[in-house]
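**Student:** Have a look at the structure that comes next, please.
Readers should treat all values here as calculations from the given coordinates under stated rules, not as data from a laboratory. Computed from a prediction, not measured in an experiment: that's the story for all the values here. When we count neighbours, we look across all protein chains shown, and the Cβ atoms used for this are built from the backbone with ideal geometry, even at glycine.
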Amino acid sequence: MSESQFPLGHSENPYELLIVGAGPHALTLLVRLLTKYPVTLFNDEEQDRLLRHVKHQKGCGMVDEARKRKYLVVDEGGEWLSRWKKLFAGYDIPWLRSLVNIHPDASHASSLRDFAMMQGRLDEIKEIDDFVEKAMHRQAKSRRMNSTFNHSQSTALHVPTSSLFIDFCAHLVEKHHLNDVIQQGSVHCIKPLFDSSCNICKGFEIDRQHNGHCRKIHASRVVCAIGNGNCLRLPDWVPPCDGCNAVKWPKECLMHSAELVKSGVLYNCEGCYSQEKTQLLPTPREASKGRLMIVGGGLTAAHLVKHGVKRFDQVLLVSRSFLRVKHFDVSLNWVDRYGNVEMAKFWQESDPRIRLRIIQNAREGGSMTPSMWEYIESAKAAGLLETKQYTEIVNAIWRTEACCDCNSAEKAKGFWEVHLSDGSIENVHAIWMATGSKMNVTQDPLLSQICKSVPTTLVEGFPVLTHDLRWQSSVPLYVMGGYAALQLGPNALNLAGAKIASERIVEGLETEMGLGQAHTDDGAAVVGGWANRYKFLEDEDAC
Ligand SMILES: Cc1cc2nc3c(=O)[nH]c(=O)nc-3n(C[C@H](O)[C@H](O)[C@H](O)COP(=O)(O)OP(=O)(O)OC[C@H]3O[C@@H](n4cnc5c(N)ncnc54)[C@H](O)[C@@H]3O)c2cc1C
């Protein structure tokens with residue numbers, strides 16, 4: 001029986017490439033793989049020349065359809081960007097935090113802007129307010145103490161709306177026919193298969209669960225693109241709810257932000273991504289629901305405040321450090337044109353422990369954008385929000401006895417008695433935790449098993465991957481997103497990190513799958529310097 005008679009995914013006919021996760025990182029990688037003349041390899045002039053050349057060559061398309069049929073993407077949500085969409089709709093985030101030139105299309109840096117122009121939606125790209133002022137301040141202070149800031153040196157930074165970004169991604173999915181490669185399911189185990197004679201990893205067996213059924217799928221290479229993983233970071237004070245003597249509280253009275261998004265509690269049914277200033281006053285139907293405590297000091301905490309003030313009488317935001325205000329989740333020097341200098345310093349550092357410190361310093365914990373900070377201030381001024389900074393929760397006890405400030409509905413439920421590090425005690429009816437994810441491969445449901453079967457060097461839960469982001473040089477499991485931070489730097493989880501990760505993974509796959517050979521006969525090979533330039537000119541003359 002020939003190999004092709006086995007269904008794809010069978011051990012005798014494995015997928016060439018299986019990607020776990022269909023978020024923006026997976027999309028960036030696939031689009032990069034299917035883009036023949038990526039912006040990273042060819043400048044504008046070369047691209048124009050190549051595209052002109054390609055136009056004259058019949059059948060020389062951008063996508064290798066035959067090859068793509070052997071790719072598979074598995075995602076819990078069953079559609080592209082399912083988690084991202086839920087997140088942005090749930091928190092009602094109108095604008096991206098990242099710049100308009102950072103997006104999943106590998107063909108051109110200005111693709112997203114061009115898309116906005118074609119759609120007549122240029123008003124969905126805005127310049128970041130006061131960025132120039134910040135640059136002036138920084139430059140005057142640190143780089144040229146005696147010189148004035150020259151506006152012509154500044155490149156204005158622009159961000160797109162969430163809906164423009166999502167529509168652009170949908171356009172890419174359609175353009176590259178990527179709905180053909182996606183399947184719904186949850187991957188629970190990635191088992192490497194070794195050649196018994198020479199101990200070489202010859203592929204993987206994957207457990208895909210869907211609708212209560214588990215199916216084994218075989219793939220020669222796997223990419224793990226699961227964002228910041230699947231482990232919630234729960235503070236130590238969170239009481240165990242499974243102890244036999246533990247007092248149970250209703251689930252909705254203690255929730256992590258990811259659970260709030262997943263359960264749909266936050267979903268903004270009046271229309272996502274409202275660009276209007278958030279309505280501050282709670283509607284009568286939603287009011288009188290007691291007190292809410294939100295734990296955390298980052299952008300997610302700020303978005304939860306937006307929802308909290310609509311659902312509760314009073315919101316208390318508790319953060320262990322001060323509330324940082326930043327346009328980006330990394331320091332400014334990692335974003336603007338000095339960013340490359342910081343990245344170069346990062347890559348020169350070979351000690352992964354020092355790299356981790358650099359990442360931690362660059363991210364500085366959570367931060368919120370100036371517009372969300374403005375919102376927080378206005379909620380405080382309206383008496384809807386109180387903040388406690390430099391404060392930690394020491395202990396939280398669920399009480400079911402009567403609380404004097406409660407109305408009858410809340411009395412029936414109970415309340416949290418929260419002991420804070422400043423010595424105060426707060427009674428609240430619900431706690432929402434914006435405490436992020438715990439990045440530790442040994443505890444991640446998807447990767448914990450491979451940590452045991454193919455142990456690799458770890459630094460505080462982050463794997464030390466190869467340059468092309470493989471688990472190990474002999475194990476073609478590629479990792480992108482937060483878990484690749486030690487190789488990619490502080491932007492690993494962001495869209496900017498997806499770009500670098502894709503380049504590196506494609507580099508690895510090109511060698512392994514012989515993808516580069518596809519270019520040998522066309523203009524890319526000539527412009528790219530791996531074929532005869534005179535042949536190219538000859539062909540062009542003939543056209
Ligand atoms: C509030 C907020 C705003 C943000 N804004 C920005 C921004 O503006 N710009 C920016 O660059 N970054 C932003 N980020 C960071 C953002 O998380 C990442 O850029 C992006 O989501 C990472 O993409 P990803 O594809 O790696 O992960 P995700 O978007 O999380 O996608 C991973 C996918 O994997 C799937 N998955 C996970 N585990 C499994 C499994 N075991 N089996 C099957 N499927 C699985 C999930 O369903 C999910 O769809 C923001 C983050 C937050 C929290």
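**Student:** Using the Karplus equation 6.51 cos²θ - 1.76 cosθ + 1.60 (θ = phi - 60°), what ³J(HN,Hα) coupling, rounded to whole Hz, does each residue of the stretch 373-385 give in order, writing x for Gly and Pro?
**Tutor:** 5, 4, 4, 4, 5, 5, 5, 5, 4, 7, x, 8, 9
**Student:** Would you pull out the residues with amide H under 5 Å of Ser437's amide H, same chain only if 5 or more places away, H placed 1.01 Å from N?
**Tutor:** Here the answer is Arg233, since their amide H atoms fall under 5 Å of that of Ser437.
**Student:** What is the set of long-range amide H partners of Ile294 at a cut-off below 5 Å, with H atoms built 1.01 Å from backbone N?
**Tutor:** Answer set, sorted by chain and number: Leu316, Leu317, Val318, Trp432.
**Student:** How would you rank Arg69, Arg504, going from fewest to most other Cβ atoms within 10 Å of each one's own Cβ?
**Tutor:** So the residues, fewest neighbours to most, are Arg69, Arg504.
**Student:** Per-residue HN-Hα couplings for the stretch 11-18, Karplus 6.51 cos²θ - 1.76 cosθ + 1.60 at θ = phi - 60°, whole Hz, x for Gly and Pro?
**Tutor:** After applying 6.51 cos²θ - 1.76 cosθ + 1.60, I find 4, 8, 9, x, 4, 5, 8, 10 Hz.
**Student:** Assuming a ≥ b ≥ c are the square roots of the Cα gyration tensor eigenvalues, decide whether the stretch 468-514 counts as rounded (a/c under 1.5), prolate (otherwise, with a/b larger than b/c) or oblate.
**Tutor:** oblate
**Student:** Arranged by the count of other C-beta atoms within 10 angstrom, fewest first, what order do Asp236, Asp422 take?
**Tutor:** Least crowded to most crowded, the residues run Asp236, Asp422.
**Student:** No solvent, one uniform scatterer per C-alpha: report log10 I(q)/I(0) for the stretch 312-406 via the Debye equation at q = 0.11, 0.20, 0.23 1/Å, two decimals.
**Tutor:** -0.54, -1.05, -1.19
**Student:** Something else: Given a cut-off of 30 Å, name the pairs among Lys251/Lys388; Lys126/Lys388; Lys86/Lys175; Lys262/Lys289; Lys126/Lys380 whose C-alpha atoms lie farther apart than that in the structure shown.
**Tutor:** In this structure, Lys126/Lys388 exceed 30 Å between Cα atoms.
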